[in-house]
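The values are calculated or read from the model by the stated rules, or taken from the named source; none is laboratory data. Note that the coordinates shown come from a computational prediction; the quantities given were computed from them, not determined experimentally. Cβ placement follows ideal geometry from the backbone for every residue including glycine, while neighbour counts extend to all protein chains displayed. For accessibility, only protein heavy atoms count, side chains too; no ligands or nucleic acids. Shrake-Rupley method; radii C 1.70, N 1.55, O 1.52, S 1.80 Å.
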Amino acid sequence: MIAEDKILAARTALMWDHPFFGALAVRLNTIDATDDPRIDTMATDGRNLFFDRKFVDGLKKPELVFVLAHEVMHNALEHHIRRQTRDPKRWNVACDFAINGELAGAKVGTMPKGGLIDTAYTGLSAEEIYRLLPEQDGGGPGAGQGGQDPGGCGAVLDAAPAHDEAALAEARAEMQTAVRQAANIAKAANAGSLPAAVQRLVDELLKPKVDWRSVLRRFVDESTTRDFAWSRPNRRLVPHGIITPGTISDGVSHIVIAVDTSGSIDGEILRAFAAEINGAFCEGAVDRITVIYADAAVQHVEEFETGDELVLHPAGGGGTAFSDTFRRIERDYPDARACIYLT
């Protein structure tokens, strides 16, 4: 069989016997990288599956099933977006130790001879293992990502450079969606147990999330005691010539609300954000609100005080990054008691 047919047969076997891994495997674009000096086994960057023909030809079907599941685990555990500034080869070693023990325990295929496995590392994250590895493992600091797969079971490549926050955020969201879908497929197929690391990941993604509206309401309500004061008249009635006392707070006086206006946030979500901001503000629970609209950078800022009509004017639509927003808060709003980021 040619390499492509062997890969297809192994993916089919995963779909039948381990549908979680199979569902994640079939979404990858299969690319012949035999002439790529970075690839001497297999590798994945979250979207593609690169393979070396000689490596695939030398594997038996159960070994290829294991290697495909190994590559899928790299993606499911987000190894392609978590490396940051760590040495690439050492990172690959750490990731392999984090994966192989889990796959062996779940009896997914057969690990190729020479694969990295150590019960001392099973159950630990790649970051923890990286810190525990002896210095020589992975070629030492500065080995560079341009040689061989240290573990012999398939490497992981970066989805994007560490400084490209928007691309990494997109890759993470994409992978989390794929994992949710794969978990649902596996559940519908009623197929076996998942490796513990994957089960923890799936549980985290699928468990009911805390209602952020309730958290916001409870935070504001429990943090605030109020009283009436003539020193701050109700500004809503002033234009009508009516002077009534306003309220002052002994708790939350100024909250910054940052609103993600990147392209991934649609109009319905923005309306939900606006409704919650208005709900807290119009009830007089907060004296002053600063609203920052930001995508990859701050695009617009609005400020409201008790008695103002709160009308939001979102601006943005580009990529996603949070750092500029927090720099703006630190620089311009040191009196803010809290920041709520709606994203």
Just reorder Lys60, Lys89, Lys113, Lys187 by solvent-accessible area, largest first, 1.4 Å probe, all chains present.
Lys113, Lys187, Lys60, Lys89
For region 329-343, 3J(HN,Hα) per residue [Karplus equation, 6.51 cos²θ - 1.76 cosθ + 1.60, θ = phi - 60°, Hz, x = Gly/Pro]:
4, 4, 7, 9, 10, x, 8, 4, 7, 7, 10, 10, 9, 8, 8
Along region 3-9, Karplus-curve 3J(HN,Hα) (6.51, -1.76, 1.60; θ = phi - 60°) to the nearest Hz, with x for Gly and Pro, reads 4, 4, 5, 5, 5, 4, 5
Please give the contour-minus-distance gain from Thr85 to Ala9: 0.36 nm per residue of separation, less the Cα-Cα distance, rounded to one decimal in nm.
23.7 nm
Mind checking region 75-138 for GluC sites (Glu not before Pro) that DSSP puts in a loop (not H, G, I, E or B) and that have at most 15 other Cβ atoms within 10 Å?
Glu135
To the nearest 20 Debye, how big is the dipole of region 38-174 about its Cα centre, given +1 on the beta carbon of each Lys and Arg and -1 on that of each Asp and Glu?
380
Using a 7 Å offset from the Cα along the Cα-to-Cβ direction at both Asn48 and Glu135, what is the distance between the two label points in nm, to one decimal?
3.6
About its Cα centre, how strong a charge dipole does region 29-74 have in debye, to the nearest 20, once Lys and Arg get +1 and Asp and Glu get -1 at the Cβ?
180
